[in-house]
Structure formats: C-alpha cells, structure tokens
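Asker: Attaching a single structure in structure tokens format; questions to follow.
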Amino acid sequence: MKTFLVFSFMFNFNTLLRTTECIETDQVLSITPKTQEQVDILKNVSTQRPYGNLLPSNSSKRRPRSTYSFLVLLPNANELIEMQMRNDSSDPRGSTTFYERYHTLDDIYFWLNRTQQDNPSTVKLILIGSSSEKQPLYVLKLSLNDRPNKKAMWIDCGIHAREWISTAFCLWFVRHSLLFYSQNPDITHILDNMDVYILPVMNPDGYKYTWTTNRMWRKNRAVSKSSSCIGVDLNRNFDAEWCTVGASDDPCSEIYCGTFPESEPESQAVAKFLRRHKDSVQLYFSVHSYSQMLLFPYSCTLDEADNHNELLELAQHAAQKIRRFYRNTYKYGAGAKTIYLASGGSDDWAYNLGIKYSFTFELQDSGRYGFLLPPSYIPQACNEALTALKTITLKVIEKTQAPTGPPPAD
Ligand code: DDK
Ligand code: ZN
C-alpha cells in the first residue's frame, strides 16, 4: 500500500470541512488510503477538480470498507456519504420531498414509470438503448401541446456516475415543468414552444456502482479487452477530436476515451438519438458537477466556435441571473479556456452536429463538498441550474422562433 506525502496547501482545509479542528497550513501529512475509494476521495479533495490527476492511482484490490488510518479528512467523508444515502424515514428534518434527496437507480426507474403513468398525455418514455450491463436508457419526452413542427431541447444528466446532483437536477427539472406549467410564465413559454427530451441517467451502471461500491466512481462499467481496469469516460467518448487532448488511451485512467468514438453503448445511444432528431433539437444541455461553471464549445480545441460571442452572451446573462437571485458565482466561457482542454465531449460533438446552442453546466459546489454535496443543497443547486437553463432557452426562443400568438392585425 502506498503512503502519500501530501502538503496541506493542496487541500483547502478551511472551507473543506466545517466540523474539523483547525489545522495549520503548510503542515505535511502522511496519508495512507486503504481502499480504492479512499484514493479516489483523496484525489477529489486534493485537486479541487472534477477529476484528479496529482496523486498516483492505486490499483490494489478493494478491501471491505474500514476505518481510515489518517485523521481529519475521511471520517467525515464517510459520514457525508452515509447522510446522502439516507431516505426519508431516517431523515431528521423529516419533511423533505422526494426531489430534495438522492435516489438509487431502481428508485429512478420507478419514478420514470410513475411520472409517465401520472401524466399520460404529456410525458412519453422512450427507450434509446441500454448500458454495457444491459440497464435500459430511458429518455422522458415532455410535450405539453401538439403544435406542428415544434422545436426541442435535449438535457442529459449523470454522464459521470459520482455527480449525483446532476441526476437530481433532471428530476427537479421534470417536477418543475409538470408542476408549474401554466403557473410560472417562463416555463410555460418554454414548454409552449418546445418539447424537452430528458435523459436523467446516461451512465446507469456507474451510478449504481456509486451506491453499492465506490461513491467516487466516474466512468461507465465497461470491461476492457486489453486491461483489467474498468470503465470508459463517456464524456471523452464522443466524436469530437476524439482522444487528442485532455483524454487518455489508458483504460486505467479516469479520462479513458475508449477504443473508438462511440465505442460505448451509452454514448452511442445518445449520439444516434440526436442524429435522428437533429433537425428539431435546437438546444443541448449536459449537466455535471462540480465547480459552478456554464460552459460552451469548444473544449476540444482553443479555437472559438462560429457563434462564440452569442454563446458567451447567453452564458453571461445566465450567470448574472444566478448571481442576482441566488448570490452565487458561476464562471462562464468556452470549455477549453474556462475549465480545461478536453476532447471527445458530448457538447462539442452536439455542436458540430449542428446544435448551435450547446452547453455543459457544472453545478455546485466549488470544492467544499465536491461530489459529496449534501442533500440539503439540492434545492438551491437545482434552482440555480434551472435559472440558467430557462434564461438561455427563453433567449434562444426569442432569437430563433417567430412569435406564436395570433398574427398582428394590419
Ligand atoms: O467532462 C469533464 O471533465 C467536465 C465535466 Se465533470 C466537462 C468538461 C468541459 C466540457 C467537455 N466537453
Ligand atoms: Zn462530469
């Protein structure tokens, strides 16, 4: 087992853990993770980035979950993880709703069916494919009227398994749409003019694995032919400068691009669906966490997209709204310059397909809890993303669609 020597300036102790005793900076800690999960958690907190690359990965076999041999960081992480898996009956607040909690994959499948059954005229369930472990990939289609030639938007969540707030957002969005259509003018205007395709869990195998085995898992669970390492990063598997920058051809890497573009059934299902619907789909949203950013193409190159300025303006407006309503800061810009160069991403691919309004949202937080965002943060995190999504979509409708009301009299 490796022992890592980690300088504490890599950690943001002050903001990372509220309940911990004060720790002096510039202290050298000796940390011995005992399981792969602990290694992954260390990477999470040490780099403050959606994927870690400072610490070497340790390929030793997983041992049963045990107490950690170093103080401060991980005892609390275990508690955090437990808290997130709690359901209502053990929730001390008692009154939280379904949408203010995280859910298992089985719960989400149940919710999908239930949502369709309760709203038979407005919600359709579309099976677009299945995962490597043969879990179904369901898209919800929200269609609140049957105007001919209606445009549509796409939203996917849960490309990355550990980004639980992302999947929580997709559920939140559906609830908001069904509950506030004809009450809230923004969502009403959006749904009057657009259908919505929502994929709440693009990576069901990985998501399940984060509930059963390793909370910090990112990739899918595909078995490799050339290695004993598992999983492809689905957000490096799309056909956009595939595997050139910010991606790895090593199956053991967290950003493994797979064997060829769309080699994975999950990314292939999404790509096929969007190719089939590209004439109607005007907007693409992919929801991730964490780091509070509104990103748009390109991430796979430093070149600017054709409509860079338009996208920048849309993202800027959205970030301003979040700041005004929720007093929270989101960075915005082209992916390559705002977060990092990364090829094979779904947003760049969708953009090149012709969906000129293509965004990746990185939701809360900015590193304190990282992927382990407590459930009590779900409402604000989702409302921030909802505000951004609505702001952008309303402007796109305004720019691209003729007014729907009766034609003005001469
Ligand atoms: O996939 C990533 O590493 C993050 C989300 Se965790 C997004 C990077 C920018 C968009 C890539 N197309
Ligand atoms: Zn992600």
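Where a number appears in this text, it was derived from the coordinates with a stated rule and is not lab data. Just so it is clear, the structure is predicted and the values come from calculations on it, not from any experiment. Quick reminder, even Gly has a Cβ in these numbers, built from the backbone with ideal geometry, and neighbours come from all protein chains shown.
Asker: Highest mean first, how do 212-223, 274-285 rank when packing is the count of other Cβ atoms within 10 Å averaged over residues?
Answerer: 212-223, 274-285
Asker: Right, here's the next one. Compute the relative contact order of region 94-400 as a whole-number percentage, counting only Cα pairs closer than 8 Å that sit 6 or more residues apart in sequence.
Answerer: It comes to 20 percent, rounded to a whole number.
Asker: Using the crude model of +1 on Lys and Arg Cβ and -1 on Asp and Glu Cβ, and no other charge, please compute the dipole size for region 94-400 relative to its Cα centre, in debye to 20. Spell out each step's value before the answer.
Answerer: On the way: 32 positive and 33 negative charges, 130 e Å.
Its charge dipole is roughly 620 debye.
Asker: How long are the three semi-axes of the equivalent ellipsoid for region 94-400, computed from the Cα gyration tensor as the root of 5 times each eigenvalue, in whole Å, largest first?
Answerer: Each semi-axis is the square root of five times an eigenvalue, giving 26, 22, 20 Å.
Asker: Under a no-solvent Debye model with one identical scatterer per Cα of region 168-232, what's log10 I(q)/I(0) at q = 0.13, 0.29 Å⁻¹?
Answerer: -0.55, -1.22
Asker: I would also like to ask the following. For region 254-387, take N as its residue count and report Rg(C-alpha) divided by 2.2 N^0.38 Å.
Answerer: Here the Cα radius of gyration is 1.08 times the empirical estimate.
Asker: Oh, and also: Please report the relative contact order for region 128-208, taking Cα pairs under 8 Å with a sequence separation of at least 6, and give it as a percent rounded to a whole number. Spell out each step's value before the answer.
Answerer: On the way: 120 pairs, mean separation 39.6, N = 81.
The normalised contact order for region 128-208 reaches 49 percent.
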